[in-house]
1. Compute the FRET efficiency between B:Ala15 and A:Glu51 as 1/(1 + (r/R0)^6), taking r as their Cβ-Cβ distance and R0 = 35 Å, and round to the nearest 0.05.
2. Within a 10 angstrom radius of each residue's Cβ in B:99-110, how many Cβ atoms of other chains show up on average? Whole number is fine.
3. If R₀ is 60 angstrom, what is the calculated FRET efficiency for the pair B:Leu124 and A:Lys129, using the beta carbon separation as r and rounding to 0.05?
4. Fully extended, how many nm does the chain gain between B:Asp215 and B:Ser148 (0.36 nm per residue separation, minus their Cα-Cα distance)?
5. Counting only chymotrypsin sites (Phe, Trp or Tyr not before Pro) that are in a DSSP loop and have at most 16 other C-beta atoms within 10 Å, tell me the longest site-free stretch of chain A.
6. Please compute, for peptide A:387-398, the average count of beta-carbon atoms on other protein chains lying within 10 Å of each residue's beta-carbon.
7. How many Å² of accessible surface get buried when B and A come together, counting both sides, probe radius 1.4 Å, rounded to the nearest 100?
8. Could you give the nm distance between label points at A:Asp86 and A:Ala43, where each point is 7 Å from its Cα heading toward the beta carbon?
Amino acid sequence: MEKEEQQLNWVEQGFAQFSQELNSKRPERLKELAVLALPEFLAKGFPTTAEEDWKFTNLKPYLRKPFIPAREVRDFAPKLLAGAPDFDGRRIVFVDGYAARDFAAFDSLKSGLHVFSLAGVLRGDCANKEVTRAVHQHFSRHASADNAPLINLNTAFLSDGAVVFVGRGCNAESPVHIVFAASEKTADRISFPRVLVVAEEGSQVTVVETYLGQHGTRYCTTAVTEIAAEPGAVVDHVRLVLEGAECLHLSALEAAAAENSVVSTQCFSLGGACVRNEAVVHLRGGGANALLAGLSLINKEQHVDNHTVIEHAVAHCASRELYKGIYAEQAQGVFDGTIVVRPQAQKTNAFQSSQSLLLSREACVNSKPQLKIWADDVKCTHGATAGQLDDDALFYLRSRGIEKNEARRILMQAFAGDVVKEVKNDAVRTMIEALVEKRLVELPVDFA
Amino acid sequence: MLEIINLRARVEDGAEILHGVSLTVGAGEVHAIMGPNGSGKSTLAHILGGKGGYEVTGGDVHYAGKNLLELAPEERAREGLFLAFQYPVELPGVNGSYFLRTALNSLRKARGQAPMEVREFNALVRKKAKLLEFDPAILNRSVNEGFSGGEKKRNEVLQMAVLEPKLAVLDETDSGLDIDALQIVASGVNALRGPQNATIVITHYQRLLNYIVPDFVHVLVDGKIVKSGPKELAFELEEKGYGWINGAVGTVESP
């Protein structure tokens, strides 16, 4: 108990100092939210394994030492960014959660697509009335109890973020890439990235969040993404967790899908020491459609937990989940997927699948599907598998002259490719294919 | 080319299946190995291909001047050995064309040749497919995934045509095929026959040998070759069944 109190001390003290230093720069709205969010977070503190939702992810070892809320540094982490994934050079960069470049990259790219600083919009700096209205309507409105601890923590310390707004009927075409980099020098910092995506009626956009950091530096990222898909909008969201080897990465995504909208969120977890990705999607309008997918490629003592909740609030919606992982050495994976079907949500179609490939005897995975169904005319299926590379498949490849390690790589790539091919945007998919290919080479197979 | 001397083998931690098989195959020859179910035919094919799960307890296999049993499966392939599977494995997500080109380039690399570019490879596949009267479109799909029995066997023969082995071992290539498919597969195999390469056809039924005419027929019963002879032996087997051989063996071995 004493230890847990200590864990929270730094949050409280950090908040006091942080507010004193930064409140003059923070927009009123963020200050208001912060004073509400902090006590809510402190009341329960960091989740522990005693809670059902956190049964398989123990944060304690990562919280033994305090974190320091990050301040803005003029360190653009150039080395890190040089190796960052890139589509066409158009990206927004945040360092430790603070905007490091201006938002001009997306100006005039496409009329109807607007990418702004969240603090700027909340301060009233944005000339576009539509964007300002949308931010006030949607920012911090979609949080639910399912991922409250992470959202409260993020909101308490929030000082900026990115707003992606796609106007009615606009197809943004070019992906919006937001890079969150941890700065290179100071250790033990915690940063609070935030993204709000508002896609108006009939619009379409791809948003990619990339998280990067140095190896050998202990730090924490607590990221929150909110997505509002209005009727008929199509939002494809991709999260690339390429964090440094000693990073504690906690992310929460909250999406609301109106009628006939299509929301997808795909999470590629390659880096980080301990990674928790929460995705909560509410299907609130008939005909809404959600895809939640994830691919974890990890080794050593990495731990990745994908935690999802899909709420079918109304009838005639469809959801599909595909989570896969390849676990080498002592890596641990978790998939916990809940599908909630409300009484009025008849004709629901929900499909969930989690598949794991274990490359060593020490690697492990916990998979926990949960169906909470209150309607009677629904189709819900779920399945989970965990196993090793198939010996017969390996022999088949080798019998054609393909060397053992190459044969393994081909099979792993095919396994991972199932998730990668779900990425709709060609440029993003090609980039992820390359990342996956490179990562697979780093995962050793410990079986003879 | 291939010399199997008194080969004994068992399933790992299991009973012995091959009780001393001897067989010599020369260049340009086609050998048929026939036998009832459970006689050890597929075990022999698997051991020649290098599949895991078996333990060789005695004997030797010499191939192209090497001890075949010491080579990894991929090394055997690089020495020109090809195993056509009784049950070709489905590889979801592995594109057929990519798979075959990777295989071909692995063999080329072992021979010190440069990798074949996509365009040249595609031309080669079209040529081979035409020779076999196959539609090369099956290579656009994932390897064997959702293929019919006939498609799987054709895919094996197409791979064989592209990889141009010195020694092909066809393990029950006729199983699960109707006569039309059987004829197509057999004519494919025949098209690939030449004075420099050899084929071992493993089958339960004589009917395949109507289309792939062997130079020698061997009868494998209970892990041993109990009879060898010219192609006419196959007809005799078809007429009298394996019981005839079993009986003959019984007579010979009974005290």
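1. 0.05
2. Mean partner-chain Cβ count within 10 Å for B:99-110: 4.
3. 0.45
4. Computed gain between B:Asp215 and B:Ser148 is 21.0 nm.
5. It works out to A:77-373.
6. The per-residue average across the peptide is 6.
7. Summed over both sides, the interface buries about 1800 Å².
8. Calculated label separation equals 4.8 nm.
The values are calculated or read from the model by the stated rules, or taken from the named source; none is laboratory data. Because the structure is predicted, anything quoted here is derived from the model rather than measured. Backbone-built Cβ (ideal geometry, glycine too); neighbour counts: all protein chains shown. Ligands, DNA and RNA are stripped out before the accessible areas are found, and what is left, the full protein with its side chains, is counted by its heavy atoms. Shrake-Rupley method; radii C 1.70, N 1.55, O 1.52, S 1.80 Å.
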